[in-house]
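I have placed the structure first, in the form of C-alpha cells, so that the comments after it can refer back to it.
The values are calculated or read from the model by the stated rules, or taken from the named source; none is laboratory data. Predicted model, so just to flag it, every value in this text is computed and none were measured. All Cβ positions, even for glycine, are placed from backbone atoms using ideal geometry, and neighbour counts span all protein chains on display. The protein model used for the area step is the full one, side chains on, heavy atoms only, and it has no ligands, DNA or RNA in it. Shrake-Rupley method; radii C 1.70, N 1.55, O 1.52, S 1.80 Å.
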Amino acid sequence: MSDDRKWSQHDYHHPAAGWGAAASVMRVLAGEREAIDGPRAIMRMNHENGGFDCPGCAWPDDLKGLKLDICENGVKHVTWEMTHKRVDREFFARHTVTELRDWSEFELEDQGRLTEPMVYEADTDRYAPITWQAAFALVGRHLRELDSPNQASFYTSGRLGNEATFLYQLMAREYGTNNLPDCSNMCHEASGRALKASLGTGKGTADLKDWETAEALFIMGVNAASNAPRMLTALTEAHRRGARIVHVNPLVEAAARRAIIPHDFVGMALMKSTKTSNLNLQIRPGGDMALMRAIAKVLLAKAEHDPHAVDREFIDRHTTGFEEYRALCQDTPWEVLERQTGLERPQILDAAEVYAQSDRTLISWCLGVTQHEHGVDTVREIVNVLLLRGNLGREGAGPSPVRGHSNVQGNRTCGIDHRPEPEFLDRLGEACGIDPPREQGMDTVATVRAMHDGSVKVFVGMGGNFVMAAPDTPYTAEGLRKCDLTVHVSTKLNRSHLEHGRDALILPCLGRTEKDHQRAGIQSTSVEDSMSMVHLSVGMKKPASPHLLSEPAIIAGMARATLPESHTPWERYVEDYDRIRDTMAKALTGFEDFNRRVRLPLGFRLVQPARELVFHTPSGRAEFSHAELPDVVPAADVLVLQTMRSHDQWNTTIYSDDDRYRGVRNLRTLILMNAGDMRDRGIGEGDLVDIESTSKDGSRRHLRRYRALAYDMPRGSAAGYMPEMNVLIGAADYSTQSDQPLMKNVMVRVALSTDRATGENRRKAAEQPRS
Ligand SMILES: Nc1nc2c(c(=O)[nH]1)N[C@H]1C(S)=C(S)[C@@H](COP(=O)(O)OP(=O)(O)OC[C@H]3O[C@@H](n4cnc5c(=O)[nH]c(N)nc54)[C@H](O)[C@@H]3O)O[C@H]1N2
Ligand SMILES: Nc1nc2c(c(=O)[nH]1)N[C@H]1C(S)=C(S)[C@@H](COP(=O)(O)OP(=O)(O)OC[C@H]3O[C@@H](n4cnc5c(=O)[nH]c(N)nc54)[C@H](O)[C@@H]3O)O[C@H]1N2
Ligand SMILES: [Mo]
C-alpha cells in the first residue's frame, strides 16, 4: 500500500500549470520512453486540419486554430495510450485472474496496451486468445439466447467517437433495448435534465468566444487546474482584460489562485503568473443552491429601487414563472441562506455585487454541483440567476457546464440515452429502417441493481472501467460476476476485466492516436466538445498491435453475429465511415450535410436553440424553477465527504500517488479534514483513521487506516479520492432527481483507527470520550 512509503504534505505556493506542469510532463514522457514520439504527437493534437482530438477532457480547441494550447494532463493522457508496453498472450498465460485481482489499478494499467482478443477459461482461471470471429460468435450466441433484449445492458465511457457511438446505439436498439447506461449517468445527468427543463436543451449555451468576452465568470465545483487545465488559459485571459472571477468551492483549488500557462512562453520564461480569482467562496458541501438563491434575493431587493438590477424586458419576453420565483426568494430568510451556504452575509453580498455589476456573466460548473441529491434543482437555480439579468443568448454570457470525458457530450447527441425522446426514435427508425423499442432503458445505477437481481445477464462495456467507476465497488463487482457474459472493449487492462461474468471477453481496440485503416483508406472519427463544436479526429500512430480493430469494426462484428438477418449495412459502414455519417445526417437533428461540414477547418457548431432564445419547453419560454431549498447541514458528528480526483489520475487510471497542487506526495489513502474537526475527534496531523459511512438505507461501510490531513476547508466537510472511496458509497446512495450516485455527498464518521492500531493510536483512542 502506498501508505508504507514516505508520504508528505506541504502547502503548494506555486502558480498553477507553469514549470511544475512542464516538469511533470517530462517525467511522464521519460517514464513511458516517449521523449521523442510524445512531443511530436502532441504537436499534432487538437490542431486544425489533421491531428487527433485530445482524448483528455472535453474543453474546446482554441478557435484561433494553431496555438500550442496543450495541457499537462492531456499530454499525460496521450502518452499513457502510446506506451510501448504490451499485454500479450504470454502475459495472460503467466497470471491467473485470481492473482491479478491482487494487483493495484496502477499495476494493471501499467502493463501496457492490450494486443489481441481474449476469452476467459474457467478451468485454468486465465484469459486465453480467441479469434475475432469466435469472439463475435460468442457475443451473438449469448444475446440471441436471452429471453428479452432488456436482459442486456450496453455501457459507454465518454471516449467513444460519434460514428462508433451511433453504430453502438443502433445495434442496441435494433436488437431491442434502450439499456444504454453511460458515464454521464455519473457526471452530468443532473445538468442535462436541469437545462432541458429550464431551457429545452440538455447542453450549455456558451462557447469559447463567450469565455473570451464575459465580464464576470462564476466557476463552481470544478478543479480546473487538474481536470480542465485549458480553462486556466481562459481564466488568465479573463483576468487580464479586467473580468471578475468568483470561485465557489469548499476547497481553494489551484485554479482559484494564480496560473502560468505553459504555452505562454513569455510568462513561462519570466515566471510571471496571472491572478485567476477575485473572490473565493468556500461553500458548505451542497450549499450552491442556497448561494444562487441568496444572490437572486439580493438582486430582487435591489430591483425595487434600481431598474437595472434585473432585466425586466428579458424576463417578460422570454421567461415564465418569474413572480413565483421572486416570492420564493423573498420568503427565504437570510439566516437560512447563511446556514445552508456556510458563508457570511458580506461574502454573499460581494458575490452578488460582482454579478450585479456585470452585463455579461457566464456560470460554469462541474461535479461539485452535480453529484449531490439536489443536483438538478441546483443547476436550475443557476439558470434562474442567469435569467434574472438576461444572461442568455448574448455574447459573453450563459450556462457552461464543464463536461468530463472528451466525447461524453457527443455520445448523448448521437443517441446514448436510456430515456430517448419519441421524436429521436421516430427519426432513427425511419433513417435506419428499424423499429426501435419505446420503453425507457436502464442507466448505470439501475444496471448494477439489475445484474444483482438477475434481470440483466449480459453486460457490454464500450471503454471505461465500470467496476471501479460505479459506486459500491464490492456490490458492483458481485453484479458483474453474476452475469452470463461480460464483454469489455478496452485499450488497457483494468479491474473490470477481472470481475467478470461466467463467460468473459476482452476485446482490444485502436486508441484515438492510432491510424484506423479500412477498405476506403484511413478513417477519421468526429467528436463534440463541451461547447457543441463537432470536428474530425484522425490518428496517425502505428497501432499498438496488428490484431486491434477499430471500435466501429468491433461493434459491427458484434451486431452482425447478434442480428444475422439485419438489413443494416454493418460491413459497408465499417469500410468507409463517410457512410455512417451519411446515415447520421438523416437520423440526427443538426447533422445535416455532416460529411461536408465536419471537414470545414474547425468543424461546425451544433445549433443550440436556447442560445437563439428558442426554447423547446412546454411553455415555449425559459422556465424559472421553484424548488424548496434542501437542508444540507449534516448532523453534529457527521462529515460530508466528497470523492474527487487527484492531479495525477484520469478517473480510474492512476498515474502516480502525488497530488501536486494540494501539496501531497506518495499518498492516496488520505482524508482531508478541517483542523477543528480533527481536533474535536482527537485526531492529529497524519494520524491513521477509520472512516464509516452511513447509506440512505442505513447500511454502513468502512475504510480503515487512512491518513487524516488538515486542509483549508469548511467545518463539517471532508475530501478523499475516487475510485478508492467508492466502497463507501452504497447502492442506495443516488439522487432521486438525476439518479446520479452521490459521489460528493457521502455521510461519514471519522475516528482514530482501531484497526491493527499502533500503540500510539490505541492510547489516543482510549483517551477519547465515549459517546
Ligand atoms: N486530469 C484529469 N482530467 C479530467 C478527469 C480526470 O480524472 N483527470 N476526469 C474528467 C471527468 S470524466 C470529469 S466528469 C471532470 C471532473 O472534473 P471535476 O468536477 O473538477 O472533478 P473532481 O475532481 O471530482 O472535483 C470536484 C470539485 O468540486 C469541488 N466540490 C466538491 N463538493 C462541492 C460542493 O458541494 N460545491 C461546490 N461548489 N464545489 C464542490 C471539489 O472541491 C473539487 O474542486 O474532469 C474531467 N477531466
Ligand atoms: N466516487 C466517485 N466515483 C466516480 C466519480 C467521482 O467523482 N467519485 N466520477 C464518475 C465520473 S464523472 C465518471 S465519467 C466515471 C468514469 O468512468 P469510466 O469512463 O468507466 O472510467 P475511466 O477510468 O475513464 O475508464 C478507463 C478505461 O478506459 C479504457 N479506454 C481508454 N481509452 C479507450 C479508448 O479509446 N477506447 C476504449 N474502448 N477504451 C478505452 C481503458 O481500458 C481504461 O482502463 O467515474 C465515475 N466515478
Ligand atoms: Mo465524468
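Table for the structure above
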{"read-out": "Peptide ranges 97-109, 142-154 listed from the most packed, as the mean C-beta count within 10 angstrom indicates", "value": "142-154, 97-109"}
{"read-out": "Percent carbon-and-sulfur accessible area, segment 189-401, ignoring ligands, DNA and RNA, probe 1.4 Å", "value": "50"}
{"read-out": "Surrounding net charge for S738, when Lys and Arg each add one and Asp and Glu each subtract one, Cβ distance under 13 Å", "value": "-1"}
{"read-out": "Accessible surface, per residue, of segment 639-767 when the full set of protein chains is kept, probe 1.4 Å, Å²", "value": "34"}
{"read-out": "Coil-residue GluC sites (Glu not before Pro) of segment 597-677, DSSP, other Cβ within 10 Å capped at 12", "value": "E628"}
{"read-out": "Positive-end extreme of charge dipole, segment 639-767 - chosen from I683, V748, L709 (charges on Cβ)", "value": "I683"}
{"read-out": "Under 12 Å, Cβ to Cβ, from T694 - net charge with Lys/Arg +1 and Asp/Glu -1", "value": "0"}
{"read-out": "Fraction of accessible area attributable to carbon and sulfur, segment 82-161 (%, probe 1.4 Å)", "value": "48"}
{"read-out": "Unit charges on C-beta of K, R, D, E only; dipole of segment 639-767, Debye", "value": "200"}
{"read-out": "Shape of segment 404-545, Cα gyration tensor, a/c cut at 1.5", "value": "oblate"}
{"read-out": "Under 16 Å from the Cα of K696 - lysines, other chains or at least 8 residues apart", "value": "K744"}
{"read-out": "Rounded percent of accessible protein surface that carbon and sulfur make up, segment 477-524, 1.4 Å probe", "value": "40"}
{"read-out": "DSSP bridge pairs, the chain: antiparallel proportion in percent, nearest 5", "value": "45"}
{"read-out": "Solvent exposure ordering (accessible area, 1.4 Å, most first) of R679, R449", "value": "R679, R449"}
{"read-out": "Helix-only CD estimate at 222 nm, as mean residue ellipticity for the chain, using -39500 (n - 2.57) per DSSP H run (n ≥ 4)", "value": "-10000 deg cm²/dmol"}
{"read-out": "Tensor-based shape of the chain (alpha-carbon gyration tensor, a/c under 1.5 rounded, otherwise prolate or oblate)", "value": "rounded"}
{"read-out": "Net length gained if the chain between A128 and K302 were fully extended (0.36 nm per residue, minus Cα distance)", "value": "55.6 nm"}
{"read-out": "Lys/Arg +1, Asp/Glu -1 at C-beta; the chain dipole; positive extreme among M118, N391, S619", "value": "M118"}
{"read-out": "Heavy atoms of F136: accessible area, 1.4 Å probe, square angstrom to 10", "value": "10"}
{"read-out": "Across K76/K275; K203/K542; K203/K457; K85/K209; K203/K297, pairs whose alpha-carbon gap is larger than 29 Å", "value": "K203/K542; K203/K457; K85/K209"}
{"read-out": "Relative contact order (percent, whole number), the chain, Cα cutoff 8 Å, 6+ residue spacing", "value": "20"}
{"read-out": "Cα-centred dipole magnitude for the chain, charges only on beta-carbon of K, R (+1) and D, E (-1), debye, nearest 20", "value": "1400"}
